[in-house]
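Chemist: Pasting in a structure now, in structure tokens, and then I'll have a few things to ask.
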Amino acid sequence: MLEQLLIFTRGGLILWTCKELGNALKGSPIDTLIRSCLLEERSGAASYNYDAPGASYTLKWTFHNELGLVFVAVYQRILHLLYVDDLLALVRREFSEIYDPKRTVYNDFDETFRQLRMEAEARAEELKKSKQMVKPVNNSKKQGQAQKAGLDKGNKKREGSSAAGGGDDNDEGKGRKLENGHSNGNIVEIDEPRMTAAVNGKENTSSNFSAFDVSKLQKRTKGGKKTDTVVNKGSKVDPKKKVTKKNRVWDDAPPETKLDFTDPVDGNGNEKIEVVPASQGESMMDVEEIISSDSEGEEDDNVQKDSKPEATKKGWFSSMFQSIAGKANLEKGDLEPALKALKDRLMTKNVAEEIAEKLCESVAASLEGKKLASFTRVSSTVQAAMEEALVRILTPQRSIDILRDVHAAKEQRKPYVVVFVGVNGVGKSTNLAKVAYWLLQHNVSVMMAACDTFRSGAVEQLRTHARRLQIPIFEKGYEKDPAIVAKEAIQEATRNGSDVVLVDTAGRMQDNEPLMRALSKLIYLNNPDLVLFVGEALVGNDAVDQLSKFNQKLADLSTSSTPRLIDGILLTKFDTIDDKVGAALSMVYISGAPVMFVGCGQSYTDLKKLNVKSIVKTLLK
């Protein structure tokens, strides 16, 4: 049964709801649809599933882009209603005829909807009955004919083979093959190349498929051996030219260049580590990035090439008239060339193929049915819509001001806890030190927690960073439970009055369930304020797999009813990718988490914010 159907504008004004249904929805499926699908450019999907305590809904929707209307139907997921798509199309057609922008109440649409619903239900019922009536009859007839034909052929072949008795081998082989070729009355085709006919050792030249001749293979192998011997003879070294081994010259003199790059050690055996004060250099997080405004109106050459054949077909006058007067309504066929060029361009920028395809579908859904403005090309309209969509996706939907959250936690007299997670080798420890350096510049006291008790050298690496930055580190060595180590570190920070605790964790692949279970336990037991996923900027399609599986494992392995997922993303090695910035888009799209930090170098100052306009410009140029 249909739970609810409502019509609202893109601005959020509800114009009409079905009072006849009157079912109170559990949870907030409409708000979740708007927040998770429509605003995040996932409107190209066919449906959206919403799970609430005690109910599971499926939501379907359609747009009227020219009028800016959204039509949404909600029903129980278990029902699988067949008439919802047809009903939405009928409601869209009828409501668009009576729609007036100045009008906000449409009580007279109730009777129209009742008729449309009965019509859609009747169509679905007729279609269901026709399928039930047609399919079994056709299938039973075909099966009966196939069984009868198979049995007849099988009986004939058996009779032929028994009558032949001890005839030639060819007929006996054919009879045996066909006898084995059918079972339970079903005909099985036999590969003809396997059926070879040879009489007295000679090939049957009249057959399309010749028999396998062993003598030819022997000749080929002999010929191969001869060629090998020829090559070997030709490759012999001239005996006149003898190769003499040069004697190694041993030099006992000490090398001029320094080969030991480890930190110096004093007389007591303690390492002398260079201290990096917080005033050494300004972090790039606090530097505003300036973007040049040139080439903002550039159009892609591929789009122009795709649109040229269409212009030549229509003729000069018709294309000129269309550009002046504007097209009536954009159709899907008009958008496909420009969308295909945009999809290819996004994929060359390292955007995952699945994400690029979904983005293009969402842009097509938002433009289909709109009127093309005068002196405007389809390609420029599509590019402008894609640019708006990318800006909307990459712009954080919530506050990512960590300094404000740190001061709020400080007023409550508790440390602000950040957990760094990610796969192996992406630079979690190094970028943790960069975040610590940035926090020190803002007069925030920081403590590091060495919870990577799995990888050899991880504690020593973090200890070196802590000594250089002159901040405390909490460590318990190796082979300890990281969740307990993190808990004790937070307790120690509370006693010492540290403002922030940065928790380093072991790198783990998204499919490693024991390590993912340990990470889920760490997050559940300590309830951090921020869970940062550290990912490389140079990954492509694997970014989707990493983030989706990390979130899925954290949700599945958590013992809490409301599991903590990834809150933000830290992109590393951003200085190595040139214009291949698509990983940022893929990660944000698949997880919904914002990019909070970008690592762009090897020093402590090489940490900056994500510039959304710069990323969008790079993706579309």
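Chemist: Give the residue, chosen from Thr505, Thr494, that is touching a Cys at 6+ places or on another chain (Cβ under 6 Å), hydroxyl-bearing (Ser, Thr, Tyr) and in the same structural domain as Lys414 (by the TED database).
Modeler: Details: Thr494 fails: touching a Cys at 6+ places or on another chain (Cβ under 6 Å).
Answer to the check: Thr505.
Chemist: Is it the case that Lys476 is open to solvent by 10 Å² or more (accessible area, probe 1.4 Å), within 19 Å of Val459 (Cα to Cα), part of a helix (DSSP H, G or I) and not aliphatic (A, V, I, L, M)? Let's see the steps before the verdict.
Modeler: Details: open to solvent by 10 Å² or more (accessible area, probe 1.4 Å): yes; within 19 Å of Val459 (Cα to Cα): yes; part of a helix (DSSP H, G or I): no; not aliphatic (A, V, I, L, M): yes.
So Lys476 does not fit the description; no.
Chemist: Turning to a different aspect of this structure: Has the range 114-126 got any residue that is in contact with an Asp or Glu (Cβ under 9 Å, 6 or more places away or on another chain), surrounded by 15 or more Cβ atoms within 10 Å (Cβ to Cβ) and under 23 Å from Ser366 (Cβ atoms)?
Modeler: No, every residue in the range 114-126 fails to be in contact with an Asp or Glu (Cβ under 9 Å, 6 or more places away or on another chain), surrounded by 15 or more Cβ atoms within 10 Å (Cβ to Cβ) and under 23 Å from Ser366 (Cβ atoms).
Chemist: Same structure, new question: Go through the residues of the range 480-495 one by one and say whether even a single one is open to solvent by 10 Å² or more (accessible area, probe 1.4 Å), within 23 Å of Phe550 (Cα to Cα), among the acidic types (Asp, Glu) and under 31 Å from the mean Cα position of the chain (by Cα).
Modeler: First pass over the range 480-495, keeping only residues open to solvent by 10 Å² or more (accessible area, probe 1.4 Å): 480-482, 484, 487-488, 490-492, 494-495.
Within this subset, residues satisfying the condition of being within 23 Å of Phe550 (Cα to Cα) are 480-482, 484, 487.
In the following step, the residues that additionally are among the acidic types (Asp, Glu) were identified as 481.
Now restrict to residues that are under 31 Å from the mean Cα position of the chain (by Cα): none.
No, the range 480-495 has no match at all.
Chemist: Tell me the helices (runs of 4 or more DSSP H) entirely within the range 388-472 that contain at least 1 residues that are open to solvent by less than 60 Å² (accessible area, probe 1.4 Å) and farther than 25 Å from Gly497 by Cβ. Write out each step before concluding.
Modeler: Numbers: elements: 402-411, 428-441, 458-469.
Per the criteria, 428-441, 458-469.
The values are calculated or read from the model by the stated rules, or taken from the named source; none is laboratory data. Fair warning: this is a prediction, and the values are worked out from it, not measured in the lab. Positions of Cβ are backbone-derived with ideal geometry, glycine not excepted, and every protein chain shown enters the neighbour counts. The protein model used for the area step is the full one, side chains on, heavy atoms only, and it has no ligands, DNA or RNA in it. Shrake-Rupley method; radii C 1.70, N 1.55, O 1.52, S 1.80 Å.
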